[in-house]
Amino acid sequence: MKHTLKTAFNFFVKLVIARFFGFILSSTILLALSGVVGSVATQLCSAIIFVVICFSAAWEQGAKDRNMINIGHCKEDNWLGLKAGLAAAIPEIAMSACLLLTKAGVINEHFPVLFNLYNGSFLPFQQALISPTMTVAENPWFAYILTALTALIGPMCFGFGYRLGLLQIPLSDTLLYTTPEARERHEQRLKERRKKNKRRLF
């Protein structure tokens, strides 16, 4: 339990960093570029940064836990990344629930503005779905539901990244070396490189 909470806090910090960079990027690019092209470019860049930060943190944690498991200091839990990711995303999930309550008329209709500021990594996507020139009643329900679902992107990245890290499968190598023969050659090159590095040390 302690390890899960520690991992969740680590993921929460990464989420805050990812959202901060996403907000800064969205603000700067949207000011520089206008129209559909600017919105698409901004969303792509923000989403890539968000996913890379979350995935990298989860992969590193998974790889670290694998080493701890191998020496008997930690128990294997394939779902720890997802559980810790969901715990880290509690503020996002709570704000998404409030967004849906706004559509239901329970919360003030100006809440989407606050939600957009907090969830800056997906600001262009949110603005494309929920038009700021339309009232809450005029914007459709599916727009609010899709916007609320962006809160689950972080936990999914954490869960997937942690699982690959636990298996010690580098995603870059998996994408670059698609055939068993290519992966085998790549692994052989890595082994030879490690041997050369050891020789240099001694």
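Key figures for this structure:
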read-out	value
R0 of 25 Å, Cβ-Cβ distance N108-V36: FRET efficiency to nearest 0.05	0.25
Those trypsin sites (Lys or Arg not before Pro) in the stretch 63-149 that DSSP places in a loop and that have at most 10 other beta carbons within 10 Å	K75
Low-density loop positions, chymotrypsin sites (Phe, Trp or Tyr not before Pro), the stretch 39-120 - DSSP coil, at most 16 other Cβ in 10 Å	W79
FRET efficiency, 1/(1 + (r/R0)^6) with R0 25 Å, evaluated for I48 and A128 via beta carbons	0.90
Gain in span if fully extended, L117 to M1, counting 0.36 nm per residue against the direct Cα distance	38.5 nm
HN-Hα J in Hz across the stretch 63-78 - Karplus 6.51, -1.76, 1.60, θ = phi - 60°, x for Gly and Pro	5, 5, 5, 4, 5, 5, 5, 5, 9, x, 9, 7, 8, 6, 9, 5
Computed label-point distance, nm, for sites I24 and E60 using a 7 Å Cα→Cβ extension	1.7
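Any read-out appearing in this document is the output of simple, stated calculations on the displayed coordinates, not a laboratory observation. What you are looking at is a predicted structure, and each value in this text was computed from that prediction instead of being measured. FYI the Cβ positions are ideal-geometry reconstructions off the backbone, even for glycines, and counts take in every protein chain you see.
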